[in-house]
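In what follows, a structure is listed as structure tokens, so that the remarks can point back to it.
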Amino acid sequence: MRIPFNRPYYTGFEIQYIKDALQKQTSGDGAYTSKAAEILQKKIGHEKVLMTTSCTHALEMAAYLIGLKPGDEVIISSYTFPSTANCILRQGAIPVFADIDEKTLTLDPADVIKKLTPATKAIFPVHYGGISCDMESILEIAHSHDLLVVEDAAQGVNAKYYDKPLGAIGDFGCLSFHATKNYISGEGGALLVNTNNEIIWDKAKVVRQKGTDRERFLQGEVAEYSWVDWGSNYTPSDLLMALLYAQLEAMNEITVLRKAVFDYYAKMLAPYLAEGVRISSIPEYCQSNYHIFYIIFPSGKARARVQNNLKEKGIEAYTHFVPLHLSAMGQALGGNKGQLPVTERVSEGLLRLPLYAGMRPDESEYVVTELLEELKKGLSE
Ligand SMILES: *Cc1c(COP(=O)(O)O)cnc(C)c1O
């Protein structure tokens, strides 16, 4: 048997909507962009959604819109994708890495406090694998130090912190619809603007539209549009938004299918975990979207051995992030080994199991059987 790490799940409506878009409009902001934004708006009870070309671009927009300047510091976790840091560097500002919490693998508020300086301007918390950060603590730190909060909710679409959708809690939220995420358009994202400040909202629309007031023109508010401010092109093709619309219509269905696999893994593996081995768990404050199921081994050696043996059995299990502070770029910025002990331990030991909507029971059973076989061998070296 061959079990891929991920397999896209299609509802059957994708082709139909894409064909329809082909006949109507292939450039941005056509009918399907509106439909995708609307369905997200309804789903997460949010009024201010801008569909973007990627989460990376939504993060760039947010970093620009909060006015990050050279010398400003932004606290982020190191256990994330480079986009969370790149958007900060792009403004000439400085990413400051804080450690993660052992249980959620998200920003540890206690370490955030230690990283505060007079130059700290914002916190960019990253929700990991569908699990929310401790947002109450992060917001409290932000409020008491007058900091802005931009959520990297690339992996948090349709997940919640208590009853609040991830991405809709801080000042801005950034979502991803990349092919590897839960609900996909190949490449794509969204920016959630969570402020009531109309000036910022107008500015966000201008930035997305190459610095023009085309959005106001489309709404019939101005007779023609022209250059009004700095901007770029963060507008996705309506073809991709047609694909996304089919996926967003099936959000609940996709989530239920992923949950079934996640729950099965958790139930089957929990009784057999040796000392020092941990699996994904969902804190009570969180409603997950079941983006990732991981197992953390006590050492990088044990992890590599299990990963290789699974690969020989046809099972694709993947590691995850190289901590940003230890990557080539992070080290060039001054990162050192030993700086963030939890992040470093987790990244060495973590292995992600295959998980996708529509994974067949015989597939997940095969993964569990082979993994239990590995766990039985013991993990000592
Ligand atoms: C996937 C991901 C991104 C980048 O998303 P794109 O839509 O591919 O730009 C950013 N941050 C995190 C945490 C991610 O997992």
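The values are calculated or read from the model by the stated rules, or taken from the named source; none is laboratory data. Small disclaimer: the values here were computed from a predicted structure and weren't measured. Note that each Cβ is placed from the backbone with ideal geometry, even for glycine, and that neighbours are counted across all protein chains shown. Note: areas computed on protein heavy atoms with side chains; ligands, DNA, RNA excluded. Shrake-Rupley method; radii C 1.70, N 1.55, O 1.52, S 1.80 Å.
Quick notes
- Fraction of the pair-distance distribution of the chain above 40 Å, Cα-Cα pairs, percent: 16 percent
- C-alpha long axis of helix 198-208 to longest principal axis of the chain, angle in °: 80 degrees
- Folded to 0 to 90 degrees: helix 238-249 orientation relative to the chain principal axis, Cα: 50 degrees
- For the chain, the longest principal axis of the alpha carbon atoms and the long axis of helix 251-269 meet at an angle near 20°.
- In terms of distances greater than 29 angstrom between alpha carbons, the cross-link table entries K35/K267; K181/K311; K35/K103; K114/K210; K48/K181; K43/K115 yield K35/K267; K35/K103; K114/K210; K43/K115.
- Computed helical MRE - 222 nm, the chain, DSSP H runs ≥ 4 contributing -39500 (n - 2.57), nearest 500: -12000 deg cm²/dmol
- Calculated diffusion of the range 137-223, Stokes-Einstein form, Kirkwood radius summed over Cα pairs, 4 °C and 1.567 mPa s, µm²/s: 88 µm²/s
- Normalising by residue count, the range 64-222 has a Cα convex hull of 126 Å³ per residue.
- Expressed as a whole percent, the accessible surface of the chain that belongs to carbon and sulfur atoms is 53, based on a 1.4 Å probe.
- Between the range 319-381 and the range 137-170, the alpha-carbon centres lie 25 Å apart.
- Rounded to the nearest 20 debye, dipole of the range 230-381 from Cβ charges on Lys, Arg, Asp, Glu: 460 debye
- Gyration tensor (alpha-carbon) shape descriptor, the range 4-129, a/c threshold 1.5: prolate
- Farthest toward positive dipole pole in the chain [+1 Lys/Arg, -1 Asp/Glu at C-beta], among I75, Y366, I123: Y366
- Restricting the calculation to Cα atoms, every distinct pair contributes to the Kirkwood radius of the range 226-381, found to be 18.3 Å.
- Environment charge at A58 (Cβ cut-off 14 Å; Lys +1, Arg +1, Asp -1, Glu -1): 0
- If a spin label sat at a point 7 angstrom from the Cα of T117 along the line to its beta carbon, the backbone N atoms of the range 51-84 nearer than 12 Å would be those of 71-75.
- Divide the volume of the convex hull around the Cα atoms of the range 289-342 by the residue count and you get 124 Å³ per residue.
- Alpha-carbon centroid distance for the pair the range 28-103 / the range 218-291, whole angstrom: 14 Å
- Length released on extending from Q331 to D146, taking residue separation times 0.36 nm less the Cα-Cα span: 63.7 nm
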